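Comments concern the structure below.
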Amino acid sequence: MTPSQPADSTLSRPIPPFAEFVALMALTMGMVALSIDNLLPAFGPISHEYGLTDPNEIQLLVFIFMIGFSLMQIVYGPLADVYGRKRTLMLGLIIYTIGTVMAFFADSFEHLLIARFVQGLGAAAPRVLTLTIIRDCFNGRDMARVMSLVMMVFIIVPVFAPASGGLILSFGSWHLIFGFMLLLAVIVAIWYKLRMPETLHPQYRHKLSIRRIFRDFGVTATTRQTFGYASAMGLCFGCLMSYIGSAEQIFDSSIYGLGTMFPVVFGLIAAAMSVASLVNARLVRKIGMHKLSHFGLCVFIAISAVNLVVALSYDGIPPLWMFGVGLTIAHFAFMLTMPNFNSLAMEPVGAIAGTASSLIGFYTTLIGVTCGAIVGQNFNGTVIPLVGGYLALGVACLLIVLTTERGKLFHATHDTA
């Protein structure tokens, strides 16, 4: 099987060329990722417009979206295994569009939170279906390569999103940000409708059966490699959500006061994650998912420990350049880890990819949002909660990987060529 061909030849028509396939999957995932936090530059105007007094309350715009995003993932996978990938994706895009329109016209903070929750319910479909489609079309390290490129977008875009949100704000009200989200949803729907075949293989299509769904959930949850790496990936995602939830307060409103430079510094740190994703995509086919991800995790833990010591030595507020360098190295290592954990979790469950992706997405997002909210809500005017959270989550992740691999790191037994 070449990287540009599906895993078998039973599709109604060929998938698009490799570059177009990756671009479409990346845009689909990018639309979801952008929705998570391109509102960050608008936190100030939104707080002012709705008269918010608690500085941590505005974080709910991120976390309420992620709660809806987490809950609905468990639904779309089983639907995709019954009705196909295209129909299920379109259903999610419709729900996402309804939430986006609601947000555009929201007349109170409570209504905006409801709209964000509905948005999250719809955005879960592109997240689940993108990973499912990749698993439909690729196997082994080829799958890891594509997954790395696409997950790069899902992980990187939220970090670059403030720059796009700030640019949109320069043209008018924060409501325009939701107009941009709506435009992306329409582009994804049209492109997918015109160019992508139905990738659900006939032999994997199921009848709607609650018993079958719970059976597949059971298979996913009891597959050692899948459950272990999904748990590890959830903790990694918790690190990212911690950063997203706290970044505006750290870099702008509470500690470093960067103002208009906030998106710039945010983007510079994200650039390291982009480079790491490209490095991962290039190396994973040669080195393997286990070795590369385990190396990245060890580096992440080591630099997180250094960052915590530095933060404590400066009473929680180290110089910006020192904090930025440490965070950049940590995020580089992070991007050698999370995409491969995702591939390792999906690798053993190709026959139930839709349902498995659904449960994995629900489980990992729930862990990530919970951990991110805990770290974010403990923000105390210093960087200690963030760097301490990174170290704690990294160590917990390492313990889970060691348990999954029966005490061995850099173990490649499960890799397939």
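The values are calculated or read from the model by the stated rules, or taken from the named source; none is laboratory data. The structure displayed is predicted, hence computed values, not measured ones. Glycine also receives a Cβ, built like all others from the backbone with ideal geometry; neighbour counts cover every protein chain displayed. Protein only, heavy atoms only, side chains kept; ligands, DNA and RNA dropped before computing areas. Shrake-Rupley method; radii C 1.70, N 1.55, O 1.52, S 1.80 Å.
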### Query
For region 255-270, how many residues are within 12 Å of residue 162 (Cα to Cα) and among the β-branched types (Val, Ile, Thr)?
3
### Task
Quickly run through region 246-273 and pick out the residues that are closer than 20 Å to residue 45 by Cβ, in contact with a helix residue (DSSP H, G or I) (Cβ under 6 Å, 6 or more places away or on another chain) and open to solvent by less than 10 Å² (accessible area, probe 1.4 Å).
246, 251, 262, 266
### Query
Can you pull out the helices (runs of 4 or more DSSP H) entirely within region 139-252 that have at least 1 residues that are under 26 Å from residue 20 (Cα atoms)?
140-169, 175-195
### Query
Going by the conditions given, is residue 102 closer than 27 Å to residue 263 by Cα, surrounded by fewer than 23 Cβ atoms within 10 Å (Cβ to Cβ) and of a type in the set (A, V, I, L, M, F, W, C)?
yes
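Checking the conditions here, which among 168, 134, 177 is open to solvent by 10 Å² or more (accessible area, probe 1.4 Å), modelled with pLDDT of 75 or more and among the aliphatic types (A, V, I, L, M)? Step through it out loud before you land on a result.
Working: 134 fails: open to solvent by 10 Å² or more (accessible area, probe 1.4 Å); 177 fails: open to solvent by 10 Å² or more (accessible area, probe 1.4 Å).
Exactly one residue qualifies, and that residue is 168.
Restricting attention to region 77-89, does a residue exist that is open to solvent by less than 30 Å² (accessible area, probe 1.4 Å), of a type in the set (Gly, Ala, Ser) and out of contact with any helix residue (DSSP H, G or I) (no Cβ under 7 Å at 6 or more places or on another chain)? Step through it out loud before you land on a result.
Of region 77-89, the ones open to solvent by less than 30 Å² (accessible area, probe 1.4 Å) are 77-78, 80-82, 84-85, 88-89.
Pick out the ones that are also of a type in the set (Gly, Ala, Ser) and you get 77, 80, 84.
If we keep only those that are out of contact with any helix residue (DSSP H, G or I) (no Cβ under 7 Å at 6 or more places or on another chain) too, we end up with 84.
Scanning region 77-89, I find at least one residue that is open to solvent by less than 30 Å² (accessible area, probe 1.4 Å), of a type in the set (Gly, Ala, Ser) and out of contact with any helix residue (DSSP H, G or I) (no Cβ under 7 Å at 6 or more places or on another chain), so the answer is yes.
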### Query
In region 368-412, what residues are over 22 Å from residue 248 (Cα atoms), assigned to a helix (DSSP H, G or I) and in contact with a Leu (Cβ under 8 Å, 6 or more places away or on another chain)?
394, 396, 397, 398, 400, 401, 402
### Task
For region 310-324, name all the residues that are of a type in the set (A, V, I, L, M, F, W, C) and buried (at least 17 other Cβ atoms within 10 Å of the Cβ).
310, 311, 323
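Can you tell me how many residues in region 53-76 are surrounded by 16 or more Cβ atoms within 10 Å (Cβ to Cβ) and more than 30 Å from residue 212 (Cα to Cα)? Full working, then the answer.
Pass one, region 53-76, residues surrounded by 16 or more Cβ atoms within 10 Å (Cβ to Cβ): 58-76.
With more than 30 Å from residue 212 (Cα to Cα) added as a condition, the list becomes 58-64.
So the count comes out to 7.
Would you mind finding the one in 229, 192 that is closer than 19 Å to residue 364 by Cα and either free of Cβ contacts under 8 Å to residues at least 60 places away in the same chain or hydroxyl-bearing (Ser, Thr, Tyr) (or both)? Reasoning before the result, please.
Values: 192 fails: closer than 19 Å to residue 364 by Cα.
So the residue among 229, 192 that is closer than 19 Å to residue 364 by Cα and either free of Cβ contacts under 8 Å to residues at least 60 places away in the same chain or hydroxyl-bearing (Ser, Thr, Tyr) (or both) is 229.
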### Query
Can you tell which of 103, 124, 80 is more than 21 Å from residue 22 (Cα to Cα) and either without any contact (Cβ under 8 Å) to a residue 60 or more places away in the chain or assigned to a helix (DSSP H, G or I) (or both)?
103
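Which of the residues that make up region 195-215 are open to solvent by 100 Å² or more (accessible area, probe 1.4 Å) and in contact (Cβ under 8 Å) with a residue 60 or more places away in the chain? Explain how you work it out, then say what you get.
Filtering region 195-215 down to residues open to solvent by 100 Å² or more (accessible area, probe 1.4 Å) leaves 195, 203, 205, 207-208, 210-211, 214-215.
Result: 195, 203, 205, 207, 208.
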### Query
For residue 119, which of the numbered conditions (1) over 22 Å from residue 14 (Cα atoms); (2) surrounded by 23 or more Cβ atoms within 10 Å (Cβ to Cβ); (3) more than 17 Å from the chain's Cα centre (by Cα) fails to hold?
(3)
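Can you find even one residue in region 156-174 that is touching a Ser or Thr at 6+ places or on another chain (Cβ under 8 Å) and over 28 Å from residue 84 (Cβ atoms)? Break it down stepwise before answering.
Filtering region 156-174 down to residues touching a Ser or Thr at 6+ places or on another chain (Cβ under 8 Å) leaves 156, 166.
This time we only want the ones that are over 28 Å from residue 84 (Cβ atoms), so: 156, 166.
Yes: region 156-174 contains one or more residues that are touching a Ser or Thr at 6+ places or on another chain (Cβ under 8 Å) and over 28 Å from residue 84 (Cβ atoms).
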### Message
So the check is Cβ under 6 Å with 6+ separation or different chains; which pairs have a first residue in region 298-326 that's more than 30 Å from residue 408 (Cα to Cα) and a second one that's of a type in the set (Phe, Trp, Tyr)?
### Response
320/256
### Any pair with Cβ under 8 angstrom, 6 or more apart, that starts in region 403-417 at a residue that is at pLDDT 55 or above and ends at one that is open to solvent by 50 Å² or more (accessible area, probe 1.4 Å) and in a loop (DSSP other than H, G, I, E, B)
405/411
### Filter pass, residue 333 being open to solvent by 10 Å² or more (accessible area, probe 1.4 Å) and out of contact with any strand residue (DSSP E or B) (no Cβ under 7 Å at 6 or more places or on another chain)
no
### Message
Return the residues of region 274-287 that are over 24 Å from residue 247 (Cβ atoms), touching a helix residue (DSSP H, G or I) at 6+ places or on another chain (Cβ under 7 Å) and surrounded by fewer than 22 Cβ atoms within 10 Å (Cβ to Cβ); say none if nothing qualifies.
### Response
281, 283, 285
